[in-house]
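A quick write-up on the structure given underneath.
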Amino acid sequence: MLIRSPFPPLPQLPATNTHNILFRTPERLGFGDYVMYIDAVTGQQWTRYDLVKRIYDAMTALRKDTSQGGLGLTSSNVEYCTLVHALLRLTVPSALFSSYATVRELTHYFERAKPTHIFVHVALFGRLQSVAQEHGFPDSRIFIIDGYIYSVSNHRTLGSMVGNVHCQNLVQEPVREAGKNALAYSVFSSGTFGLPKAVMVSHGNINFALQAGASVFMEAAQRKPSPPKFHPINACATFNYYLLPRWNLDLAITAIERHRITTVTAIPSVIYALQSSPKFKTIDSSSIVSISSGGAYLPPILANKMPSLVKTADISGGYKVSGLQVSPTEVEDIILEDPSDIVSDAAVAGIHLPTAQTADDRVPRAWVVLTPQGKKLSEKEAEAHIISWGQKNLSKYKWLRGGIEFVSEITKNPTGKVLRQLLTERYEAKNVTTKL
């Protein structure tokens, strides 16, 4: 069956550097200055002009010859955004490493990405340095993005290099042209099924995604009131972006009310966490005019609950069991749909039982956070109820034959995505010796 997009065809896209699309179109140049980024923890604000100037300075710092205090490069927090945009302007490809990466995964990243320079937050420096040393990576090519720099005072920081641009009054570098197939960056997959895989993203890919997003935005604007400062003709808008160093439900809810957040973009597990939070139900969330979900399938039961919680709500991995595919999210959705309201959050992953004969022989296991209502039951009673509910709503090969473990919280990455591989590895390290 051929499925056609409900949106109109995109216009011809220019073959240009993504930075030009983000900051240098006539429409965007006409916006003037406004607050663009706000640190939700500290309240520090960066205006659009602040950010662009910082990007230009960082680009100059990265490009200038080492004799001028630069790196000589050729083709989260605000400093991270600055670095990413500076590299885009330079057309220098980068690879993004997960802050949750294990030593094993970092080793894999090194072997796949083959970096020439590394920028890292102080909090992650020790773990990365040990892997870098094993690969013979020069310590002088590791630089600090942000953090308590005095603990690594012998390493240069992005801030110090930008400061050098000002001190030496270096001439700013121009924006480099980029064809549609010019590599912008590589991002590694989550590694749900084996080691993470590098996904290459070009400037053309980013530009297309930006235009596609604008197209959807324009369609939505025709059906309901537009967000503040939205320009439907040019598909542009001025937004304040609130940055969290990592996903924190309590901090996110506080920011929604304190800063009058209008637009929330989240994966399904984050939307469920908001719905299940007693705190979210008590705050004034009337500022929210759009909630969008992506990254995974959003069960209708979650989407249908949103209009009752906020003013308007646009909610616009598997493994084998005896040769059959099991979707972890499908099993999680069933657990969360239990009307008894005893489950606050849940994660499902495939594990090897002690009787496993091969590496592919896995069964579903759940990690569950109970609600206050659920905690009134004994763990044995709660487990029996959840397993019974699953057996009523899932095919037999999807039943929780790996059991249930009750936890205080589900292990997730900074964006709220469940770290299934980590859950599996922790369980199997304690319980299983797999046969090949």
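Read-outs: derived from the displayed coordinates by stated rules, not from any lab. Here the structure is a predicted model, which means the values were calculated and not measured. Heads up, the Cβs are rebuilt from the backbone with ideal geometry, glycines too, and the neighbour counts pull from every protein chain shown.
Which pairs break 22 Å Cα to Cα here: LYS305/LYS380; LYS376/LYS430; LYS197/LYS417; LYS375/LYS396; LYS392/LYS417?
LYS305/LYS380; LYS376/LYS430; LYS375/LYS396; LYS392/LYS417
Computed FRET efficiency, Cβ-Cβ of LYS430 and ASN169, R0 51 Å: what is it to the nearest 0.05? Display every interim value, and only then the final one.
Numbers: r = 60 Å, r/R0 = 1.17.
Approximately 0.30, to the nearest 0.05.
Order these by the 10 Å Cβ neighbour count, fewest first: THR254, THR282.
THR282, THR254
Please rank ASP39, ASP250, fewest neighbouring Cβ atoms within 10 Å first, as an exposure proxy.
The fewest-first ordering by Cβ neighbours comes to ASP250, ASP39.
What ranking do 394-407, 262-275 get when scored by the average of other Cβ atoms within 10 Å per residue, highest first? Write out the running numbers ahead of the final one.
Working: 394-407: 16.2, 262-275: 19.8.
The packing order, highest mean first, is 262-275, 394-407.
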